[in-house]
1. With percent of Cα pairs over 33 Å apart defined as stated, name the option among (1) 27; (2) 38; (3) 52 computed from the structure displayed.
2. Loop only per DSSP, at most 11 neighbouring Cβ atoms within 10 Å: give me the GluC sites (Glu not before Pro) in region 268-338, ordered by residue number.
3. Which values of log₁₀ I(q)/I(0), to two decimal places, follow from the Debye formula for region 163-221 at q = 0.20, 0.25, 0.26 Å⁻¹ with a uniform point scatterer at every Cα?
4. Just to confirm a number: summing +1 for Lys and Arg and -1 for Asp and Glu over residues other than residue 140 whose beta-carbon lies under 15 angstrom from that of residue 140, what do you get?
5. Across region 189-201, in residue order, what do the Karplus-derived ³J(HN,Hα) couplings come to in whole Hz, using 6.51 cos²θ - 1.76 cosθ + 1.60 with θ = phi - 60° and x for Gly and Pro?
6. Just in region 227-289: which trypsin sites (Lys or Arg not before Pro) are loop by DSSP and have at most 15 other Cβ atoms within 10 Å?
7. What is the sum of charges around residue 311, taking Lys and Arg as +1, Asp and Glu as -1, for the other residues whose C-beta is under 15 Å from the C-beta of residue 311?
8. Checking the cross-link filter: which lysines have an alpha carbon closer than 22 Å to that of residue 196, excluding same-chain neighbours under 8 positions apart?
Amino acid sequence: MSQKAKTLVLDPDHFDINELQPAVDIIRKGGVIAYPTETVYGLGANICAKEAVERIFRLKKRDPQIRLPVLVSSIEEALQLCKDVPDYAQQLMHTYWPGAVTLVLRAADQVPEWIRSSENKVGLRISDHPVTNALIRQAGLPLVSTSANRSGEPPAVTAQEAAASFAADVDLVLDGGEARLRRPSTVIDVSGPSVKLLREGAVPFEQIMGTLRRAENAGEGKFRILFVCSGNSCRSPIAEGLLKKKLPEELREKVVVESAGTLGLNGSPATEFAIQVAGQYGADISEHRSQGVSEELVKEADLIFAMAREHQRFLQLHFPEVRENVFLLRTFGREAEDKVSDSIEDPIGGGLEVYQKCAAVIDEELTRILPRLKALIQEKLGHSQTNP
């Protein structure tokens, strides 16, 4: 009977880089580990260790012709493993990495043949999990990355599930807590002039295409409104959904309403209570997936509404060039003597009633500012149409 692999438990929010040394040693020596990501748990090895990569194929009972994707720790590292990268693909790297999007590109000449596909392509991703990113940096080596499950079985989302399947077959199980997204990454081929969806995953393909459409349509007469909170799972998606519902029909094609979070979390759905209370106002946010605040989003926005003072400060600190477009939703358009709280409290962790109170405040504020928004939208769009 095979001896079970040791499990190394690390708190992803508080760990010492030196605690990773056993995993680093195994990777450098050509071993195989199970490790955490924000999507699901994975099986990993040094991409240059052919025997280790073949071992993973055997463990998963996977067709070796279906090549394994690669995790890297930076965009610079990714660009060393691919070539002929389209501009739009680099844009997606900067928008969705680290995060739950795997990009398939033309492989650079130095990529090992057991990593390159028959079409000379390689899948690349930067994980949003701090333990795994630190491991790759410490090892100084990219990792092959594939979900920790036998082919055809559900992927593991905890170290315990990964160990149940592979503890007797890998050299170490790295426990970094439960996978936050509990879904594999979205895989898209960006090696050519247009995007091809290979696998729908944690980040909706439509969201990715929306990112590219925004870039293409920049300056084409759209008015853009961005709501910002912390995790982009409660307040800001509720505000986004409610405003889309409140906008007059004639403006809906001319206004882009989005939301994002200062914590930089990508691919998480809105909370169940957020979906429920938004639905009480006729807004469907069930397909929402979180995204972090980015330079692209804030620079394209005509108005940015922060849900709380801390979000306003974050935006003004990190994006000072757009500070004049950043407003607190609760104080936008109010007279100075109006005595209201400037922040909308975070309902996360609360029950349905807490969410209902939060949504009621957001609904009230959107109703209050809607006439002003209509005027600003008409002012910009009318001006752009008469002065091309």
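Laboratory data are not the source of any read-out in this text; all were calculated from the coordinates shown. Owing to the predicted nature of the structure, the values given are computational and were not obtained by experimental measurement. Quick reminder, even Gly has a Cβ in these numbers, built from the backbone with ideal geometry, and neighbours come from all protein chains shown.
1. Evaluating percent of Cα pairs over 33 Å apart on these atoms matches (2).
2. 287, 335, 337
3. Values returned for q = 0.20, 0.25, 0.26 Å⁻¹ are -0.87, -1.03, -1.07.
4. Overall, the nearby charge balance is 0.
5. 8, 10, 7, x, x, 9, 7, 10, 7, 9, 7, 6, x
6. Numbers: sites: 235, 244, 245, 246, 252, 254, 289; in loops: 254.
Answer in residue order: 254.
7. With Lys, Arg at +1 and Asp, Glu at -1, the neighbours total -2.
8. Excluding near neighbours in sequence, the set is 83, 121.
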